[in-house]
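The values are calculated or read from the model by the stated rules, or taken from the named source; none is laboratory data. These numbers come from a predicted model, not from an experiment. Cβ coordinates were reconstructed from backbone atoms using ideal geometry, including for glycine residues, and neighbour counts include every protein chain displayed.
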Amino acid sequence: MNKENVLFGIIGLLAGLIIGFIATNSYNRSVLTSQNLAGQPNAPAMNQQNPNAQNPGGMMPGVNEAIEKADQEPANFTAQVKAGEMFGRINNFEKALIYFERAHKIKPDDYQTIVILGNVSFEMKKFADAQKWYEQALARKSDDVDVRTDLGLTFFLREPKDIDRAIKEYQTSLSINPNHEATLQNLAVAYSEKKDAENLRSTLAKLEKVNPTNQIIQRLKEGLQ
C-alpha cells in the first residue's frame, strides 16, 4: 500500500468520529438554545443512560406536564419549545420536531427556533430539510459560523455527497472566523474525500495552530510524512 493510500485510509477511519463530534455539538446547541427560549436555564441534563427511549413518561421531572401544557395551549410558544426540548433530550427527534414546528408557526421570524429546526432535522438525517432551515437562518444572520458549518455538513453527509459545496460553506465560515476548530476539522475531512493532500496539509497546519492538542492532528500528520 503506498503512502497516499495509507494517508486516506487513516482519514477514512477518523471521519466518522469527527463528523459525529460535530453533529453532537449541533444538537447540544439546540438544547441550550431551547432552554433559553423556554426560560428553563436549570433544566436537567440530557439523559445519558437511555438516549433512545421513546416514552417520555418518568424520564425526567415534569415531562408529562410540559407535554400536556403544550398540547392544551397550542398558541403558547414557550410551552411548545419546552415540550420539544423534552423530547430532544431523549433523542426522540420525530416528536421534538412536531413541537418546534408548532413554535415556528407561532413565531415564524424567531431566529433560534429556525436554527433548532435545522439541528433537529440534521439529527434525523433529513439533510435536505436541515439545509432549508439553515439557509433560512443564514438569510437573517449570515455571519453565524456554527450554522454555516452545519450547512456545509448537510452537503457532505447527504447521498450523493456534494463535497465542493460543503467546502464552499466551510471556507465561508473560515472567512468569518479563521480559527473555528470545528470548521477546520470538517474541511480536513472534505479534502480527504477529494484526496487533496495539499489542501489537507494546509488545513491541518491551521488546525494545529488553533489547537495543537486536537486528537486527530498527529494521526493525520503521520500519514502525510
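Here are the numbers for the structure shown:
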{"read-out": "One residue from TYR134, TYR191 being outside any loop (DSSP other than H, G, I, E, B) and either touching a residue at least 24 places away in the same chain (Cβ under 8 Å) or farther than 28 Å from GLN80 by Cβ (or both)", "value": "TYR191"}
{"read-out": "Residues (assigned to a loop (DSSP other than H, G, I, E, B) and surrounded by 13 or more Cβ atoms within 10 Å (Cβ to Cβ)) located in region 195-212", "value": "ASP196, ASN211"}
{"read-out": "Complete set of residues in region 76-98 that are of a type in the set (D, E, K, R) and either buried (at least 21 other Cβ atoms within 10 Å of the Cβ) or in contact with a Gly (Cβ under 9 Å, 6 or more places away or on another chain) (or both)", "value": "LYS82, GLU85, ARG89, LYS95"}
{"read-out": "ASP164 touching a residue at least 60 places away in the same chain (Cβ under 8 Å) and either assigned to a helix (DSSP H, G or I) or more than 17 Å from the chain's Cα centre (by Cα) (or both)", "value": "no"}
{"read-out": "Index of the failed condition, ILE98 passing every other in (1) modelled with pLDDT under 95; (2) outside any loop (DSSP other than H, G, I, E, B)", "value": "(1)"}
{"read-out": "Some residue of region 99-111 being surrounded by 22 or more Cβ atoms within 10 Å (Cβ to Cβ), under 29 Å from ASN214 (Cα atoms), touching a Gly at 6+ places or on another chain (Cβ under 7 Å) and touching a residue at least 12 places away in the same chain (Cβ under 8 Å)", "value": "no"}
{"read-out": "Within region 50-85, tally of residues that are within 15 Å of THR113 (Cα to Cα) and either at pLDDT below 90 or assigned to a helix (DSSP H, G or I) (or both)", "value": "9"}
{"read-out": "Exclusive hit being at pLDDT 95 or above and more than 17 Å from the chain's Cα centre (by Cα), set LYS221, LYS195, LYS206", "value": "LYS206"}
{"read-out": "Residues that are assigned to a helix (DSSP H, G or I) and either surrounded by fewer than 20 Cβ atoms within 10 Å (Cβ to Cβ) or of a type in the set (Ser, Thr, Tyr) (or both), drawn from region 112-126", "value": "GLN112, THR113, SER121, GLU123"}
{"read-out": "Residue list for region 127-152, filter: closer than 24 Å to ILE90 by Cβ and surrounded by fewer than 24 Cβ atoms within 10 Å (Cβ to Cβ)", "value": "PHE127, ASP129, ASP146"}
